[in-house]
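The next block holds one structure in the form of structure tokens; read it before the comments.
None of the figures in this text is laboratory data; all of them are computed from the coordinates on show. Note that the structure is a prediction, hence the values are computed from the model and not measured. Positions of Cβ are backbone-derived with ideal geometry, glycine not excepted, and every protein chain shown enters the neighbour counts.
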Amino acid sequence: MSHAFPFPWFKPLLARLREHLATEPFARDAAHDLGHILRTARLAERMAEEEGADVETCVAAALLHDLVYRPKNHPESPLTAQMAAELVPQWCRETGGLEHRAEAVASTVESHSWSGGGTPATLEASVVQDADRLEALGAIGVARVFATGASFGAGLWHPLDPWAENRELDDKAWSLDHFEKKLLKLAAGMKTAAGQRRAIQRERTMLAYLEALRAELGHDLPAPPVRS
């Protein structure tokens, strides 16, 4: 474990979380595994300290934010934050040291999701939402978007029109489309100053990748068809 949080409840919560992940009904894609959960928690810890938020609430919520998983092409995927939030109070009450934070952690989990349309109502919820969205940016974000697309059979990019110059964006069919459809909008939506600072840097990394990809693809593809 690269980072152990200094809270008495962390190790028992992590042990229970590991057991939970091992018995889920759906196999997780590589973008939503335990590594993602722990990275989000580490970001949430640092950002909570910078923002003056309750660190334990933020870390616990980050650890439990993906407690319910559905593949991105599953009809229940937009509901997973709400579904997780319904389980979180019991998890907190059954974890010594988190009992009195049960409702705060659940509220933070419920409002973090992009696909669920959550709007953070507290500083802690803003921190965790930003931390989760930062994971979708930068070098890690590039890796995660293609891992997610591969999990439900999306291609890397449209073979004739990778940049959707003459077609509608379709990130269920082509992973590259997800950059324009969602990822490059995330930095502008950060709720905290700590999130904004990190998002600007990670977005630059992502844009540099896209520029390099455009250069590599530019001489190898036929001209895309003209839309009638």
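Observations, loosely collected:
- Folded to 0 to 90 degrees: helix 138-151 orientation relative to the chain principal axis, Cα: 80
- Most positive-pole-ward Cα, 148, 217, 53, against dipole of the chain from beta carbon charges: 217
- Between the range 176-203 and the range 31-64, the Cα center-to-center distance that results, in Å: 17
- Assuming charge only on the beta carbon of Lys and Arg (+1) and of Asp and Glu (-1), the dipole of the range 13-63 about its Cα centre is about 240 debye to the nearest 20.
- Straight-line reach from residue 181: taking Cα to Cα under 24 Å and skipping same-chain neighbours fewer than 8 places apart, the lysines in range are 72, 172, 191.
- MRE, 222 nm, helices only [DSSP H, n ≥ 4, -39500 (n - 2.57), over the chain, to nearest 500]: -17000 deg cm²/dmol
- Selection from 136, 44, 190, by position along the positive dipole direction of the chain (Cβ): 136
- Per-residue Karplus couplings for the range 46-55, computed as 6.51 cos²θ - 1.76 cosθ + 1.60 with θ equal to phi - 60°, are listed in order as 5, 6, 4, 4, 5, 8, x, 8, 6, 5 Hz, Gly and Pro entered as x.
- In sequence order, calculated HN-Hα J values of the range 19-35 (Karplus, 6.51, -1.76, 1.60; Hz; x Gly/Pro): 4, 4, 5, 6, 10, 5, x, 10, 6, 6, 6, 5, 7, 10, 8, 5, x
- Pairs of Cα atoms nearer than 8 Å and 6+ residues apart set the relative contact order; for the range 60-134 it is 29 percent.
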